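Since the structure comes first, as structure tokens, the remarks are kept for the end.
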Amino acid sequence: MTFVAKPRVRHPLLPVNELGLTRRDYEGSVSTLCAGCGHDSVSAAIVQACAELSLPPHKFAKVSGIGCSSKTPSYFLSHSHGFNSVHGRMPSVATGANLANRELYCIGVSGDGDSASIGIGQFAHIVRRRINMLYIVDNNGTYGLTKGQFSATNDKGSTSKRGVPNLYEPIDLVSMALQIGASFVARSFSGDKRQLVPLIQAGLMHKGFAFIDVISPCVAFNNHNGSTKSYDYVRGHTERLVSADYIAAGEEITVDYESGMLEDVAMPDGSTLRLRKVDEDYDPRDRVQALTQVQRSAEAGEVVTGLLYVDADAADCHDVLGTPATPLNALDDSVLCPGAEALEGVNAQLR
Amino acid sequence: MKATDIADPNYFHKVVDCQWACPAHTPVPDYIRLIAEERFTEAYMLNWDSNVFPGILGRTCDRPCEPACRRVRTEEKPVAICRLKRVAADHKGDISDYLPRVPKKKNGKRICLMGAGPASLAVARDLLPFGYEIDMFDRDPAGGGMMRSQIPAFRLPADVLEEEVDLILNMGVNAQFGYEITSMKEMLDMDYDAYFVGTGAPRGRDLDLPGRQEVDDHISIGIDWLSSVAFGHTSSISGKVIVMGGGNTAMDCCRTSKRLGAERVTVVVRSAFDVMKASEWEKEDAMSEGIPIINNRPPKEFLHDNGKLTGIVFECVRPIPDGRGRYRYEPSGEPDVVMECDHVLMAIGQENHCPWVERTVGIEFDKWDCPILDEDTLQSSHPKVFFGGDSALGPENIIWASAHAHKAAISIHLMCQGKDILRDRPPEGVNLISQKMGVHQWSYDAEHDDSKRFLVPHANKRKALDNIKIEVELGFDARLGLKEAQRCLNCDVQTVFTESLCIECDACVDICPMDCITFTNNAEEGELRTLLTAPAQNDEQDIYVSEELPTGRVMAKDEDVCLHCGLCAERCPTNAWDMQKSVIHTPQLGSYASG
């Protein structure tokens, strides 16, 4: 880990956002992860995304479980709310936080161990419940914190550092999320911020459950020849399917792309999601096609990246439950405890 | 852009802004680190090696290094480089073991040095260890030249001056003081193997205005007056004094007058305040001593009452910026002003002036009466005669004299050894030495210190104004010196990039506090500068570009505001980044020394 503190001084010409803050105001403490860890790039992408959107840092709830990935919320948005939960139980905490205060932007960061092994049940159910949050999995296919055992997302045949191949089929979290109701599903690569930052922005602003599976190489235990989650392998086998740009409401929309490859999706808050496709026939609003494409590419040893599926009008958990628009933590006693008469009314309905 | 050639000594030298800006190329960060380690003697010797007069320069240098300091660009105020030099001088121990040995047996070559100022002294220092016999001639009764005659004691105490001047004289110079040179031909007839002219710029400019001749008794030329004060011929000045001029000599004149009993002292300058030649701190010190500086007032006429000066008439002008940092002046429309005065000190510039060099001896002069010299060798059109310091290129600072002296000494040595004085000069060079000591250990203090520039303590003002010998600036003590030293960014510890090791993981990009590093597609410099993470608008600072990486991109680093904090190297998993100290070899005669 690094002992040198990051100097507070910044580039004198660093852009200032609408809140008068620079990117540096969205950082956290210096990472204690291994030098070169992909997760640090994901944190940097979150910092850049939030700064560019001019979102107030204190309006964030960041939650995580256990593992290298789950340490990362310390490394971004140091002025926000945070909870580092029990292994695999981040979804429960995120659900509670979101129910209590629906006005916070909720970012969950988890890993392949945290979400695909110990927490796979929790993962499945938070997807089903459509919690309005951005759920990022820093996916490196290995248990880095316990020195490099295969994780549940490690591809069959991919080898360990000592050359031993993995014997089991991988769990594909993207396919799972598509299957059980996520309304925003993307995959990206930690080494490709030009794709990742806009995806994080779109995911944050998406209403409903937004899932991004980020292939994030483990430099210490899974960045060798034979690994399918190394920097070199991912760079050599990536197929960028759909790029997404988030365009805030009122911002000028310019057209600089071949029509047919370009698709604008209106978001409920008035903003626009601009999708740039590589394949004209691919429809990122067709869930079944998305699933098929992901499976086909996986079979061919390719990693499809980009915004694979989006349903901008999907209902989130609050819509499903019909909760009031005011956050729970802002409701006063008279609303939360309407008195004996109201209780009578409820009881009467049940008689 | 083409990949940067870091083997070019100038590339990393330029990154060390202070060293690059210093005419003598003093290795500033290196000596500042030594001060931080309380190794004052070594810090002093590092300075002595390159600029010859650390104690003197630590008080009087014009500090070209400070405006160049990177800290001006990253934060606000530069490291107090000059005052740290003084810390080294003030706290040094015995230096005798570090001094070069001068052979008893001479090499048979005799060199004549004209003038005993900084340029000649530095040439003597460079040549003596090689066995040259050095004869030095000066009209003043003691050595030091303008350092002694023009810099008042409240800025440069006599003991500091004498220590560094005597150090060189005692290395074996045959000095003849009180020797007024009147003829170059006579000197050439003495048949030395080489001549070095370091006679400075001893003629102060005068101003031919109406009334000038009539009031001659009440007007002194600034440098001559300072010199007569320095040698004790003048010890008082009375009445109202006007100092004309805006350079450091003017500041010395006004502050000296104040100390010698003037009733009122005023500085009047023809031009605007911010383009005055005087150093910022000299102006501040004068003003803090209660001396008004009045700008935009060109003089018109001296008023007198039967030969007794009564005042000066000044015109009022207004500066109009010309858009290139300069001004032109036009009448402001205000009526002319008359300022009463009893005495005028004229400090409006000086000239190098060699009336004693006959124009028939083979030394050619240009239309400004400056000797025509080869820029690299400082050789005049007479092959045996070299010039340096103010007498070479006009009035400059002491630090230039040291720089010229090193050049001239190399030329003289090569000539005496029968070599080509241009082709056989020692080359510039650079060594790169990794500073990595362990996994997270660097042999320099990488951590950034965001302290503001520390103020230097001053002597009690009333006491200082009473006595010309009381030094005004007290200098940093060791504790403050250490604190100020910590502000240095160690710009000589370079970020060195090795393409073949890079896995393009972006760790360096993410950690860099100044957003210096970008991985991008290559382009021509103009375009590349726009592709970087943070704007690279300072064209004077280079972009460090790597060879093409496996993804087809290049690493491009804007050197402009890099803090040299080492975080890129710290966070690099493959050591593609390393922090390496660049040791710049500036040619000096010592480069030839063996053993």
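The values are calculated or read from the model by the stated rules, or taken from the named source; none is laboratory data. Computed from a predicted model, the values in this text were never measured in an experiment. Here Cβ is always computed from backbone atoms with ideal geometry, including for glycine, and neighbour counts include all displayed protein chains.
Data for the structure
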{"read-out": "Selected residue (criterion: surrounded by the fewest Cβ atoms within 10 Å (Cβ to Cβ)) from residues of the range A:183-216 that are within 14 Å of chain B (Cβ to nearest Cβ) and part of a strand (DSSP E or B)", "value": "A:189"}
{"read-out": "Flag for residue A:42 being β-branched (Val, Ile, Thr) and at the interface with chain B (Cβ under 8 Å from one of its Cβ atoms)", "value": "no"}
{"read-out": "Condition check for residue A:29: free of Cβ contacts under 8 Å to residues at least 60 places away in the same chain and under 30 Å from residue A:251 (Cβ atoms)", "value": "no"}
{"read-out": "Qualifying residue in the range B:570-585 (condition: out of contact with any helix residue (DSSP H, G or I) (no Cβ under 7 Å at 6 or more places or on another chain) and part of a loop (DSSP other than H, G, I, E, B))", "value": "no"}
{"read-out": "Subset of the range A:8-31 [in contact with a Ser or Thr (Cβ under 9 Å, 6 or more places away or on another chain) and within 11 Å of chain B (Cβ to nearest Cβ)]", "value": "A:9, A:10, A:11, A:12, A:14, A:15, A:27, A:30, A:31"}
{"read-out": "Helices (runs of 4 or more DSSP H) completely within the range B:57-144 that count 2 or more residues being outside the structural domain of residue B:160 (by TED's automatic domain parsing) and under 23 Å from the mean Cα position of the chain (by Cα)", "value": "B:65-68, B:71-74, B:81-91"}
{"read-out": "Any chance residue B:227 is in contact with a strand residue (DSSP E or B) (Cβ under 8 Å, 6 or more places away or on another chain), among the hydroxyl-bearing types (Ser, Thr, Tyr) and crowded, with 17+ Cβ neighbours inside 10 Å", "value": "no"}
{"read-out": "Single residue of the range B:489-512 satisfying the filter (away from chain A (no Cβ under 14 Å) and part of a loop (DSSP other than H, G, I, E, B)) that is farthest from residue B:43 (Cα to Cα)", "value": "B:498"}
{"read-out": "Check on residue B:355, under 25 Å from residue B:226 (Cβ atoms), within 29 Å of the chain's Cα centre (by Cα) and without any contact (Cβ under 8 Å) to a residue 12 or more places away in the chain", "value": "yes"}
{"read-out": "Every residue from the range A:131-182 that is over 30 Å from residue A:62 (Cβ atoms) and either outside any loop (DSSP other than H, G, I, E, B) or of a type in the set (Val, Ile, Thr) (or both)", "value": "A:159, A:164, A:165"}
{"read-out": "Matching residues, the range A:242-262, being under 20 Å from residue A:304 (Cβ atoms), modelled with pLDDT of 80 or more and not polar (S, T, N, Q)", "value": "A:242, A:244, A:245"}
{"read-out": "Filter result (more than 25 Å from residue B:489 (Cβ to Cβ) and either among the β-branched types (Val, Ile, Thr) or modelled with pLDDT of 95 or more (or both)) within the range B:525-546", "value": "B:530"}
{"read-out": "Members of the range B:513-537 that are assigned to a loop (DSSP other than H, G, I, E, B), away from every other protein chain (no Cβ under 11 Å) and among the small types (Gly, Ala, Ser)", "value": "B:523"}
{"read-out": "Candidates B:396, B:364, B:358, filtered to the one that is surrounded by 13 or more Cβ atoms within 10 Å (Cβ to Cβ) and out of contact with any Lys or Arg (no Cβ under 6 Å at 6 or more places or on another chain)", "value": "B:396"}
{"read-out": "Given (1) surrounded by 15 or more Cβ atoms within 10 Å (Cβ to Cβ); (2) of a type in the set (S, T, N, Q); (3) farther than 21 Å from residue B:142 by Cα, index of the condition residue B:234 fails", "value": "(3)"}
{"read-out": "Selection from the range B:327-353 of residues that are out of contact with any helix residue (DSSP H, G or I) (no Cβ under 7 Å at 6 or more places or on another chain) and assigned to a loop (DSSP other than H, G, I, E, B)", "value": "B:332, B:333, B:334, B:335, B:336, B:341, B:348, B:349, B:353"}
{"read-out": "Residues that are more than 13 Å from chain A (Cβ to nearest Cβ), surrounded by fewer than 17 Cβ atoms within 10 Å (Cβ to Cβ) and either polar (S, T, N, Q) or not in a loop (DSSP other than H, G, I, E, B) (or both), drawn from the range B:438-479", "value": "B:443, B:458, B:460, B:461, B:462, B:463, B:466, B:467, B:478, B:479"}
{"read-out": "Residue within the range B:89-104 that is within 24 Å of residue B:249 (Cβ to Cβ), surrounded by fewer than 22 Cβ atoms within 10 Å (Cβ to Cβ) and not basic (Lys, Arg) present", "value": "no"}
{"read-out": "Cβ-Cβ under 7 Å pairs, at least 6 apart or on other chains, the range B:68-90 side within 12 Å of residue B:478 (Cα to Cα), far side in a loop (DSSP other than H, G, I, E, B)", "value": "B:83/B:456; B:83/B:475; B:83/B:476; B:86/B:475; B:87/B:475; B:87/B:476; B:90/B:475"}
{"read-out": "Residue count for the range B:370-380, restricted to those that are assigned to a loop (DSSP other than H, G, I, E, B) and either among the aromatic types (Phe, Trp, Tyr) or surrounded by 14 or more Cβ atoms within 10 Å (Cβ to Cβ) (or both)", "value": "6"}
{"read-out": "Filtered residues of the range A:113-130 (kept if assigned to a helix (DSSP H, G or I) and of a type in the set (Gly, Ala, Ser))", "value": "A:113, A:115, A:116, A:121, A:124"}
{"read-out": "Filter result (in a loop (DSSP other than H, G, I, E, B), more than 10 Å from every other protein chain (Cβ to nearest Cβ) and under 30 Å from residue A:224 (Cβ atoms)) within the range B:556-569", "value": "none"}
{"read-out": "Condition check for residue B:5: over 12 Å from the mean Cα position of the chain (by Cα) and part of a loop (DSSP other than H, G, I, E, B)", "value": "yes"}
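Here's the yes/no breakdown for (1) assigned to a helix (DSSP H, G or I); (2) under 22 Å from the mean Cα position of the chain (by Cα); (3) touching a residue at least 12 places away in the same chain (Cβ under 8 Å):
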position: A:221; (1), (2), (3): no, no, yes
position: A:268; (1), (2), (3): no, yes, yes
position: A:274; (1), (2), (3): no, yes, yes
position: A:292; (1), (2), (3): yes, yes, no
position: A:295; (1), (2), (3): yes, yes, yes
position: A:304; (1), (2), (3): no, yes, yes
